[in-house]
Every structure is written in structure tokens, then in C-alpha cells.
Amino acid sequence: MSLARLLLLLLPLLSFFLLRPASAILCHPEDKEVLLRIKSSLNNPYLLASWDPDADCCYWYCLKCHYKTHRVISLFFHSYDLPGQIPSAIGDLTYLQSLTLHKLSNFTGPIPESFTKLKYLNFLRLSWLNLTGPIPSFLGQLKNLTYLNLSFNKLTGSIPDSLSTIPGLDFVGLDRNQLTGKIPASLANLKGNNLYLILSHNSLSGELPATFAGVDFGKLDLSRNRLQGDASLVLGRNKSTYHIDISRNQFEFDLSKVDFNESLTTLDMNHNKIYGSIPKAMAGLEFQLLNVSYNRLCGEIPVGGRLQSFDYTVYFHNRCLCGAPLDSCK
């Protein structure tokens with residue numbers, strides 16, 4: 001191939017790179033200015049070394065731009081020693097849809113109120129951050145939120161009713177904090193699909209809201225709190241729940257009167273005050289995890305299904321349970 005012909009073929013490509021207009025810079029200038037403020041407020045950490053003012057911000061690490069509008073829609077910092085507090089400037093990334101701050105050691109302080117400007121936010125994960133203060137009620141203003149995870153922090157106070165006003169919220173993870181008070185009845189208004197409510201490892205007290213009887217949870221974890229009363233209302237033949245953990249509370253109800261749905265595969269009720277006997281219907285369920293130890297159950301363990309496949313520790317420390325895998329009934 002002649003040199004002239006080769007140059008002719010390469011000319012369009014050379015023109016693209018040499019004559020490319022300034023508009024080819026993808027990063028929106030408003031977003032870039034906000035991102036640089038965020039970097040500065042965190043004392044220019046090495047985690048954000050790619051955030052070079054002379055580079056297109058849509059190619060920086062720890063973020064993602066929309067493929068058409070090129071606005072920043074996702075921000076994610078995780079697994080890094082990052083002293084400081086959540087930068088309030090994050091609230092100025094007004095097109096943000098997803099925010100993840102996870103396992104940032106030495107991160108402290110409250111959740112900034114500037115987050116109320118994030119009207120498009122649907123995914124919010126602020127976990128393992130040592131955050132303090134209450135769960136702010138203003139989170140209820142994030143009406144597009146479907147996922148909320150505030151686990152492994154030092155948040156205090158009660159669960160705000162405002163969370164129940166978020167129409168599509170279907171994952172609420174508030175576990176491993178220092179929350180107190182009753183579980184608000186308003187949480188029964190959550191309408192998300194396959195609802196996850198994870199409240200374990202707190203100091204929540206009182207009885208479960210009666211309104212929970214009408215909620216079809218996908219996964220419900222209330223373990224390691226100070227809850228009491230009748231927890232059987234979260235169970236039921238017509239529900240599609242597959243995971244329930246109410247262990248290490250002070251729940252007290254008659255297990256023999258409980259109806260179970262066929263989709264239930266995880267049931268952990270250990271360390272409560274549950275009495276009665278194990279209903280025969282439980283032998284027809286395909287449990288992957290079961291634990292009824294440390295309660296006040298009596299009678300013979302029904303034979304069938306997977307009930308005899310579990311270790312004896314699943315059943316021990318009850319009042320008078322008997323039958324395999326425990327000792328035979330007298």
C-alpha cells in the first residue's frame with residue numbers, strides 16, 4: 001500500500017483527535033467543582049489521587065457518570081483509612097443515584113442534612129463508618145430511595161417514622177448500632193418488593209407492632225435486642241417470607257399454634273421464652289437453617305423433612321423436648 005493511500009485512510013482518524021472540540025470533555029463542570037471540594041475536605045487522600053483537575057472527571061476512580069448526560073450518578077469509597085466526616089458537599093452532586101461509603105476507618109460524625117438535595121438517590125450505603133448521632137428524620141425526603149444501609153455504626157436514639165414515607169424502600173439495614181425505643185408501627189407501611197428489615201444487634205425494646213401481622217417480609221432480622229411479647233404475628237401460612245431471625249430476645253408465645261408458609265427456609269428463635277411444642281407442619285418445610293434452642297419447648301420433635309438432619313444443638317436447652325436428634329422420649 002502506497003504512503004499516500006495510507007495517509008488518506010488515516011486522515012479521518014487524525015482529524016478526530018486533532019480537531020476534537022472542547023465539548024468532547026465529558027465531565028460536567030459543576031460536578032467537577034463539587035468533586036474537587038469533596039477531595040479537599042478529605043485532605044486530598046491517596047484514594048482520590050486520580051482526581052486530577054486537568055483530567056476528565058468521568059474517568060476518575062470511585063465514581064461513575066451517566067452514559068448520556070455525563071452527570072455523576074454514582075460515588076463509592078470503601079475499605080480505606082479515611083479520617084474525617086462525611087463531606088456535606090456530596091449533597092451538591094444533585095444527579096447522584098447511588099452513594100456507598102463503606103469500611104472507612106476513622107470516619108465519624110453525623111449524616112449531613114445536605115443529603116436532602118439528592119432527589120434521584122435510590123441506593124444509600126453508609127456502613128462501618130463509626131457514624132454518631134440519631135438516624136435523621138430528613139432521610140424520609142429521599143423519595144426515590146429503595147436501599148438504605150446504615151449498619152455497623154454508633155447511631156443512637158429511635159428509628160424515625162419518616163422512613164415509612166419512602167414509597168419504594170425495600171431494604172432497611174440498621175443493624176449493629178445503639179438504637180433504642182420501640183420499633184415504630186409505621187414501618188408496616190413500607191411497600192417495597194421482597195422487603196428486607198434488618199434491625200439486629202441494637203437495644204430495641206417493647207413488643208412488635210401489631211401492624212407487622214399484615215407485612216409480608218422477605219427477610220426479617222430482629223435478633224439480639226430486648227424485644228418481648230408475641231413474635232408469631234410475623235409468621236403465617238399466606239406469607240412468602242423465607243428468612244426470620246428473632247433470636248436472643250425475650251419473645252414469649254406458643255409455637256404449637258403458629259402457621260408456617262412453605263417458602264420459609266431460615267428460622268432462628270434461640271434464646272427466648274417460647275413454649276408449647278414443635279408443630280408437625282414444620283416437618284414439611286425445607287429448612288436450610290433452624291434453631292429453637294434455649295427456649296421452653298416440650299414434647300416430641302416431629303419426624304420427617306429435615307428436622308432430624310440438624311445437630312442436637314438446634315434443639316437443646318429446652319424444658320422437655322425429646323426425640324431425635326435429642327434423647328428418645330420416655
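The values are calculated or read from the model by the stated rules, or taken from the named source; none is laboratory data. Keep in mind that what you see is a predicted model, and the values were worked out from it rather than measured. Cβ atoms come from the backbone with ideal geometry, glycine included; neighbour counts cover every protein chain shown. Each accessible area value is taken on the protein alone, full model and side chains, heavy atoms only, with ligands, DNA and RNA left out. Shrake-Rupley method; radii C 1.70, N 1.55, O 1.52, S 1.80 Å.
Annotations
- Residues satisfying the stated conditions in the stretch 231-251, i.e. farther than 17 Å from A213 by Cβ, charged (D, E, K, R) and either in contact with a helix residue (DSSP H, G or I) (Cβ under 7 Å, 6 or more places away or on another chain) or surrounded by fewer than 16 Cβ atoms within 10 Å (Cβ to Cβ) (or both): none
- Filter pass, Y120 being open to solvent by 10 Å² or more (accessible area, probe 1.4 Å), aromatic (F, W, Y) and either at positive phi or assigned to a loop (DSSP other than H, G, I, E, B) (or both): yes
- A count restricted to the stretch 86-95 and to residues that are within 17 Å of C62 (Cβ to Cβ), open to solvent by 20 Å² or more (accessible area, probe 1.4 Å) and outside any helix (DSSP H, G or I) stands at 1.
- Filter pass, N318 being part of a loop (DSSP other than H, G, I, E, B) and under 27 Å from the mean Cα position of the chain (by Cα): no
- Unique match (being touching a strand residue (DSSP E or B) at 6+ places or on another chain (Cβ under 9 Å) and open to solvent by 10 Å² or more (accessible area, probe 1.4 Å)) among P83, P136: P83
- Members of the stretch 96-117 that are within 17 Å of G140 (Cα to Cα) and either surrounded by fewer than 18 Cβ atoms within 10 Å (Cβ to Cβ) or out of contact with any Pro (no Cβ under 9 Å at 6 or more places or on another chain) (or both): L96, Q97, S98, L99, P110, P112, E113, S114, T116, K117
- Some residue of the stretch 168-182 being free of Cβ contacts under 8 Å to residues at least 60 places away in the same chain, open to solvent by less than 40 Å² (accessible area, probe 1.4 Å), in a helix (DSSP H, G or I) and over 18 Å from S127 (Cα atoms): no
- Every residue from the stretch 183-211 that is outside any loop (DSSP other than H, G, I, E, B) and within 17 Å of G157 (Cα to Cα): A185, S186, L187, I198, S203, L204, S205, G206
- When residues of the stretch 139-149 are limited to those that are part of a loop (DSSP other than H, G, I, E, B) and touching a helix residue (DSSP H, G or I) at 6+ places or on another chain (Cβ under 9 Å), the one surrounded by the fewest Cβ atoms within 10 Å (Cβ to Cβ): K143
- First in the stretch 304-330 and open to solvent by less than 30 Å² (accessible area, probe 1.4 Å), second anywhere and aromatic (F, W, Y), Cβ under 6 Å, 6 or more apart: L321/Y315
- In the stretch 2-52, residue modelled with the lowest pLDDT [restricted to those that are assigned to a loop (DSSP other than H, G, I, E, B) and either of a type in the set (V, I, T) or more than 25 Å from R71 (Cβ to Cβ) (or both)]: L19
- Picking from residues in the stretch 267-291 that are surrounded by fewer than 17 Cβ atoms within 10 Å (Cβ to Cβ) and under 29 Å from the mean Cα position of the chain (by Cα), the one that is farthest from Y315 (Cα to Cα) is E286.
- Filter result for the condition that a residue is within 15 Å of N149 (Cβ to Cβ) and either in contact with a Phe, Trp or Tyr (Cβ under 6 Å, 6 or more places away or on another chain) or crowded, with 20+ Cβ neighbours inside 10 Å (or both), over L199, L222: L199
- Number of the condition not met by L129 [criteria: (1) open to solvent by 10 Å² or more (accessible area, probe 1.4 Å); (2) assigned to a loop (DSSP other than H, G, I, E, B)]: (1)
- Residue satisfying all of: in the stretch 292-303; open to solvent by 10 Å² or more (accessible area, probe 1.4 Å), more than 22 Å from S263 (Cβ to Cβ) and part of a loop (DSSP other than H, G, I, E, B); modelled with the lowest pLDDT among these: V303
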